[in-house]
Amino acid sequence: MCGSELQPLPEGVQRVAAFLQQAQHPHLPQMLDGAARTAQEAAEQLGILVGQVAKSIIFKRRSDGAAVLVVTSGDRRVDEEKVAQLVGSGLGRADADFVKASTGFSIGGVSPVAHAAKPVTLMDQELQRFDTVWAAAGHPYGVFPATPQQLQELTGAPWSDVVVA
């Protein structure tokens with residue numbers, strides 16, 4: 001034993017782990033050896049297809065300042081117009097401070113669950129192409145697996161067409 005396994009998990013990962021345990025999800029977060037800030041990095045670390053990475057993209061709805069979370073397949077690009085049609089016009093990119101304040105997570109580790117405040121959430125129907133997807137667990141080195149259906153149930157979000165055709 002080298003002692004690294006005795007290090008406490010980062011706060012964001014602890015929050016995600018507690019959420020997953022409470023939801024009786026069968027898998028807890030795992031810490032990777034390297035960063036998985038992007039879908040490509042996560043896929044390389046996990047030895048999976050980029051599309052199997054469930055990336056969390058945060059937007060800011062201008063009308064009320066609400067956080068809008070789009071959980072999308074890592075090999076797809078979000079179509080902001082499609083998202084705006086589903087959640088209300090006036091959608092803008094969220095800066096790092098807004099993401100941290102609204103989710104409790106830093107960009108590169110935003111989990112689809114256990115947010116500081118519940119966001120408006122949409123699930124990319126393209127995730128259903130895979131048996132298992134991997135999502136960030138509150139830290140750039142933290143991830144957890146789920147079936148697309150499990151992830152949809154954990155977020156409570158509707159399946160939506162939110163990507164560029």
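Every number in this text was worked out from the coordinates using simple rules, so none of it is lab data. Please read these numbers as outputs of a predicted model, since none were measured by experiment. Counting neighbours? That spans all protein chains shown, and the Cβs are built from the backbone with ideal geometry, glycine included.
Can you pull out the chymotrypsin sites (Phe, Trp or Tyr not before Pro) in the stretch 70-165 whose DSSP state is coil and whose Cβ has at most 13 other Cβ atoms within 10 Å? Let's see the in-between values first.
Working: sites: 98, 105, 130, 134, 141, 159; in loops: 105, 130, 141.
Sparse-neighbourhood loop chymotrypsin sites (Phe, Trp or Tyr not before Pro): none present.
So if each residue of separation counts as 0.36 nm, and I subtract the Cα-Cα distance between residue 21 and residue 98, what length gain in nm does that give?
Computed gain between residue 21 and residue 98 is 25.0 nm.
Lys and Arg at +1, Asp and Glu at -1: add these up for the other residues within a Cβ distance under 13 Å of residue 109 and post the number. Don't skip to the end; give the middle numbers.
Numbers: positive: 15, 37, 55, 100; negative: 11, 41.
Summing Lys and Arg as +1 and Asp and Glu as -1 gives +2.
Between residue 35 and residue 89, what is the FRET efficiency for a Förster distance of 41 Å, r being their Cβ-Cβ separation, to the nearest 0.05? Before the final figure, lay out each step's value.
Details: r = 35 Å, r/R0 = 0.85.
In this case the efficiency is close to 0.70.
How big is the stretch 105-145 in terms of Cα radius of gyration and Dmax, in angstroms?
11.1, 30
Could you work out the helix-only [θ] at 222 nm for the chain, with each DSSP H run of four or more residues adding -39,500 (n - 2.57) and the total divided by the number of residues, to the nearest 500 deg cm²/dmol? Please report the intermediate quantities before stating the final value.
On the way: 5 runs with 44 residues, N = 165.
That comes out to -7500 deg cm²/dmol.
Name the long-range amide H neighbours of residue 121: under 5 Å, sequence gap of 5 or more, or other chain; modelled H, no Pro or chain starts.
Answer set, sorted by chain and number: 69.
Taking θ = phi - 60°, what integer Hz values does the Karplus form 6.51 cos²θ - 1.76 cosθ + 1.60 yield along the stretch 19-30, in sequence order, with x for Gly and Pro?
Going residue by residue, I get 4, 5, 5, 4, 7, 6, 5, x, 10, 8, x, 10 Hz, with x marking Gly and Pro.
Taking the structure as given and computing semi-axes √(5λ) of the Cα gyration tensor in Å, which label from (1) 25, 18, 14; (2) 29, 20, 13; (3) 41, 17, 13 fits?
Given (1) 25, 18, 14; (2) 29, 20, 13; (3) 41, 17, 13, the structure-derived one carries the label (1).
Roughly how far apart, in whole Å, are the Cα centres of the stretch 5-49 and the stretch 57-89?
Cα centres, the stretch 5-49 to the stretch 57-89: 24 Å.
Can you compute 3J(HN,Hα) from phi for each residue in the stretch 78-93, using the Karplus curve 6.51 cos²θ - 1.76 cosθ + 1.60 with θ = phi - 60°, rounded to whole Hz and x for Gly and Pro?
5, 9, 4, 5, 5, 5, 4, 5, 8, 10, x, 5, x, 9, x, 5
Just subtract the alpha-carbon distance of residue 149 and residue 164 from 0.36 nm times their residue separation and send over the number in nm, one decimal.
Numbers: separation 15, 0.36 × 15 = 5.40 nm, distance 2.21 nm.
That works out to 3.2 nm of additional length.
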